Protein chains: 2
Amino acid sequence: MRWTVHGERTLYDSDWLRLTLVDVELPSGDRFEHHVARFPAPACATVVRHPRRGILLLRRHRFVVDSFAWEVPAGRVDEGESPEDAARRETTEETGWRPGPLRSVGSFHPMPGAVDQTFHLFVAHGAEQVGEPDEDEAPQVDWKPVEEVRRLMRGGSITDGLTLVALYRALDE
Amino acid sequence: MRWTVHGERTLYDSDWLRLTLVDVELPSGDRFEHHVARFPAPACATVVRHPRRGILLLRRHRFVVDSFAWEVPAGRVDEGESPEDAARRETTEETGWRPGPLRSVGSFHPMPGAVDQTFHLFVAHGAEQVGEPDEDEAPQVDWKPVEEVRRLMRGGSITDGLTLVALYRALDE
């Protein structure tokens with residue numbers, strides 16, 4: 001059963017996100033306004049696997065939640081760009097490694113109750129080093145053996161939802 | 001290496017979320033304003049397992065992304081409430097099943113680049129039926145065998161990030 005949407009008004013708009021209030025009615029008859037953050041562009045993440053090196057990770061500080069954590073390369077899909085092209089570009093820019101052929105492993109919604117964002121997931125097999133990591137994005141770039149990645153996931157050292165879903169999906173195949 | 005935060009101003013405020021612009025400087029010297037959505041309350045999710053019945057799921061329509069998907073019981077932590085108490089309350093309210101003893105299986109950030117939200121994860125073993133599902137939240141509540149849940153996860157029928165991380169974490173133990 002769906003909630004009925006009677007209307008939507010914009011509270012704030014920018015190139016980066018739009019905040020709206022949606023007038024909704026529940027099956028029980030309750031009616032209220034619900035905040036929604038709308039992002040104009042989806043994002044993508046890539047799990048780069050290498051038979052000897054393992055999995056390519058970045059250690060980032062995220063000021064929004066004030067924490068350091070290991071993440072996979074990820075970023076916003078630019079206008080006119082496919083999610084796959086964005087995944088290849090972001091991986092290369094952030095880490096200095098150009099990934100081998102990419103394969104889609106699905107997509108998901110990180111916060112479908114309040115945010116309309118979609119995250120697209122890719123796995124790449126192999127990579128070639130073509131440059132240096134982006135100092136702004138990823139001061140530390142490392143290949144980690146698969147077993148160490150599983151330990152980091154279980155031990156709570158990976159706290160980014162996009163990275164967690166991408167890694168679980170890639171390791172679940 | 002951290003981004004330097006020079007200041008933060010509020011664009012919009014409510015009980016539900018606060019939208020801000022943060023003045024940040026990157027290691028390279030680039031300086032710009034970055035949108036952040038701040039949620040005053042964390043959220044929680046519960047994977048309820050039953051030795052015979054399987055895992056407790058809800059089928060919900062999410063108007064924000066206009067899609068139906070299977071989810072675990074989840075919701076906002078109320079003021080003064082612990083994440084564990086919220087997980088127990090939300091599970092009971094949404095599904096009509098009161099979960100057995102809860103165990104924390106970690107937490108994560110669904111969108112740490114733009115949103116400060118934290119999701120807390122719990123696993124419960126066993127449940128007792130004490131009421132009916134909430135018609136507004138969960139028109140369909142079902143126990144699914146673990147193997148079917150794994151198939152739904154692989155097949156793309158589960159698209160909610162909180163549900164995916166909670167299930168992967170619970171099934172990874």
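The values are calculated or read from the model by the stated rules, or taken from the named source; none is laboratory data. Since this is a predicted model, take the numbers as computed values, not measurements. Glycine also receives a Cβ, built like all others from the backbone with ideal geometry; neighbour counts cover every protein chain displayed. Side chains are part of the model used for accessible areas, which takes the heavy atoms of the whole protein and leaves out ligands, DNA and RNA. Shrake-Rupley method; radii C 1.70, N 1.55, O 1.52, S 1.80 Å.
Have a look at B:Val22, B:Val65, B:Val36 and point out the one that is more than 7 Å from chain A (Cβ to nearest Cβ), buried (at least 17 other Cβ atoms within 10 Å of the Cβ) and either at pLDDT 95 or above or touching a Pro at 6+ places or on another chain (Cβ under 6 Å) (or both).
B:Val22
When you go through (1) in contact with a Pro (Cβ under 6 Å, 6 or more places away or on another chain); (2) of a type in the set (A, V, I, L, M); (3) surrounded by fewer than 18 Cβ atoms within 10 Å (Cβ to Cβ) one by one for B:Leu171, which number turns out not to apply?
The failed condition is (1).
Regarding region B:41-55, can at least one residue be identified that is polar (S, T, N, Q), under 16 Å from the mean Cα position of the chain (by Cα), open to solvent by 40 Å² or more (accessible area, probe 1.4 Å) and under 20 Å from B:Pro110 (Cα atoms)?
No, region B:41-55 contains no residue that is polar (S, T, N, Q), under 16 Å from the mean Cα position of the chain (by Cα), open to solvent by 40 Å² or more (accessible area, probe 1.4 Å) and under 20 Å from B:Pro110 (Cα atoms).
Out of all the residues in region B:68-89, which are within 12 Å of another protein chain (Cβ to nearest Cβ) and over 17 Å from B:Thr159 (Cβ atoms)?
Scanning region B:68-89 gives B:Gly75, B:Arg76.
With surrounded by fewer than 14 Cβ atoms within 10 Å (Cβ to Cβ) and facing chain B (nearest Cβ under 8 Å) as the only criterion, which of A:Asp13, A:Asp30 stands out?
Details: A:Asp13 fails: facing chain B (nearest Cβ under 8 Å).
When all the criteria are applied, what remains is A:Asp30.
Sort out which residues of region B:91-120 are over 16 Å from the mean Cα position of the chain (by Cα) and facing another protein chain (nearest Cβ under 7 Å), and write them in order of number.
B:Gly113, B:Ala114
Within region B:110-129, how many residues turn out to be open to solvent by 20 Å² or more (accessible area, probe 1.4 Å), touching a Ser or Thr at 6+ places or on another chain (Cβ under 8 Å) and in a loop (DSSP other than H, G, I, E, B)?
Going through region B:110-129 one residue at a time, the tally reaches 1.
Within region B:133-154, take every residue that is in a helix (DSSP H, G or I) and open to solvent by less than 60 Å² (accessible area, probe 1.4 Å) and give me the one that is farthest from the other protein chains (Cβ to nearest Cβ).
Among residues in region B:133-154 that are in a helix (DSSP H, G or I) and open to solvent by less than 60 Å² (accessible area, probe 1.4 Å), the one farthest from the other protein chains (Cβ to nearest Cβ) is B:Glu148.
Determine which member of the set B:Glu93, B:Glu84 is out of contact with any His (no Cβ under 9 Å at 6 or more places or on another chain) and open to solvent by 40 Å² or more (accessible area, probe 1.4 Å).
Every option except B:Glu93 fails the conditions.
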